[in-house]
Amino acid sequence: MINPVQRHFTAFKGELKNLFGFQPGFIFLDLTLGDGGHTQEALEAGCRVVSFDLDEEAIKRAVGFVKAFTPIIVGEEQNSKIPENFSWIVIKSNFVKVSEICDKLSLPKFNGIIADLGPSQFQVLSEGRGLSFSVNEPLDMRMDQSLGVTAADLLKVLNEGELSELFSMVDEPFAKPIARMIVKQRAITPIENTKQLTDLILRVKKFRTEGRIHPATKVYMALRMAVNLERDNIRLLLPQLPDLLQKDGLLGIISFHSGEDKIVKDFIRDYEDRKILCAINDKPIEPKPEELLISPRTRSAKLRLVKKNI
Ligand SMILES: C[S@@+](CC[C@H](N)C(=O)[O-])C[C@H]1O[C@@H](n2cnc3c(N)ncnc32)[C@H](O)[C@@H]1O
């Protein structure tokens, strides 16, 4: 288990300052606060920062880690104007509401925006969320407790074809036999905890691993993405962002899976065709080898950086 104070390893840590050209007076939007790594880098460079996270626990942790700065913390229901000279605002909300909230709070346009998608290490390893196959817990997987459907619910109601399609979306090579086994198994006992699911996957895959990753990794990722509507959220988020940027403002999206990266790539292509955005690099930026040594999780991280033209 994670030490409760061990901090999430921030992807592209220390690089944002140069990539975004942070300087005092910049206003920066961090759509995925997590343990506050990117927010802290911007604050320490003298930027004013607006940070979003839907997870209350993540917000508490970030405020604890970024001790030198004190945020104004608000919820979605906040209606009154924020003092114009704020240095850090934290908003507890799903980022899909970003336009509506920035409008309501009369926030200025941003010089830079970052979204670092997926869960933090803290969320994956913290007790009671059912996101890790290393401990036996109920298969919940919700990052936002107001969501109604858990992973155990999906394993109960999706039919074999739907389960197989879900696992195929994350390129799980055993998608079909795992789906078949789930349907067979649940006719005997409902699959409600991580041990049941992990054992079932291990039986189907005969303990085969793909490189260094655990055989259950992809199935867990597929369920987490579905429970938290992660792909839908990205699709709803991206078209809102160009309007929130100032001219020449930069937008960076960090994704950890080819399916997410494709959504980002298609969005960028569309906005490039419309001459609204232009990509800074032809290829996404990948982590440096030394980062991979510290955090193997970042091996699949891709950062796409684009600039607003108009
Ligand atoms: C990978 S972590 C960010 C880590 C952060 N950059 C750091 O350095 O510590 C992603 C964070 O985004 C949050 N998140 C994921 N989806 C979200 C959404 N739709 N709206 C708001 N926050 C979201 C998660 O709760 C999590 O805390």
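The values are calculated or read from the model by the stated rules, or taken from the named source; none is laboratory data. All values derive from a computational prediction rather than experimental measurement. Positions of Cβ are generated from backbone atoms using ideal geometry, with glycine treated the same way; all protein chains shown enter the neighbour counts.
Once the range 229-278 is narrowed to residues that are surrounded by 15 or more Cβ atoms within 10 Å (Cβ to Cβ) and of a type in the set (Ser, Thr, Tyr), the residue that is nearest to the ligand (Cβ to nearest atom) is Ser255. Taking the range 73-90 as the range and being of a type outside the set (A, V, I, L, M, F, W, C), surrounded by fewer than 16 Cβ atoms within 10 Å (Cβ to Cβ) and in a loop (DSSP other than H, G, I, E, B) as the test, the residues that pass are Glu76, Glu77, Asn79, Ser80, Lys81, Pro83, Glu84, Asn85, Ser87. Considering Leu155, Leu147, the condition of being in a helix (DSSP H, G or I), within 23 Å of the chain's Cα centre (by Cα) and touching a residue at least 12 places away in the same chain (Cβ under 8 Å) is satisfied by Leu155 alone. Residues in the range 222-277 that are part of a loop (DSSP other than H, G, I, E, B) and basic (Lys, Arg): Arg274, Lys275.
Might you check whether a residue that is at pLDDT 95 or above, closer than 27 Å to Phe12 by Cα and not in a loop (DSSP other than H, G, I, E, B) occurs anywhere in the range 117-136? Among the residues of the range 117-136, not one is at pLDDT 95 or above, closer than 27 Å to Phe12 by Cα and not in a loop (DSSP other than H, G, I, E, B), which makes the answer no. Consider Arg224 carefully, then state whether it is buried (at least 21 other Cβ atoms within 10 Å of the Cβ), out of contact with any strand residue (DSSP E or B) (no Cβ under 9 Å at 6 or more places or on another chain) and among the charged types (D, E, K, R). Taking the combined requirement at face value, the residue satisfies it. Apart from one condition, Leu19 fits all of (1) out of contact with any helix residue (DSSP H, G or I) (no Cβ under 9 Å at 6 or more places or on another chain); (2) free of Cβ contacts under 8 Å to residues at least 60 places away in the same chain; the exception is (2).
If you scan the range 102-116, which residues turn out to be outside any loop (DSSP other than H, G, I, E, B) and closer than 22 Å to Gln40 by Cα?
Keep residues of the range 102-116 that are outside any loop (DSSP other than H, G, I, E, B), which gives 102-104, 110-116.
Within the range 102-116, Cys102, Phe110, Asn111, Gly112, Ile113, Ile114, Ala115, Asp116 meet the criteria.
Among what's in the range 109-154 and is acidic (Asp, Glu) and within 15 Å of the ligand (Cβ to nearest atom), pick the residue that is surrounded by the most Cβ atoms within 10 Å (Cβ to Cβ). The extreme case among them is Asp116.
Just one of (1) in contact with a helix residue (DSSP H, G or I) (Cβ under 7 Å, 6 or more places away or on another chain); (2) modelled with pLDDT under 95; (3) within 26 Å of Asn281 (Cα to Cα) fails for Asp30. It is (2).
Of the helices (runs of 4 or more DSSP H) that lie entirely inside the range 1-72, those containing 3 or more residues that are within 14 Å of the ligand (Cβ to nearest atom) and closer than 23 Å to Pro119 by Cβ span 37-44, 56-65. Filtering the range 75-93 to residues that are hydrophobic (A, V, I, L, M, F, W, C) and more than 18 Å from Ala42 (Cα to Cα) leaves only Ile82.
Can you tell me which of Glu100, Glu76 is within 14 Å of the ligand (Cβ to nearest atom) and free of Cβ contacts under 8 Å to residues at least 12 places away in the same chain? If you could, list the steps in order and put the result at the bottom.
Working: Glu76 fails: free of Cβ contacts under 8 Å to residues at least 12 places away in the same chain.
None of the other options fit; the residue is Glu100.
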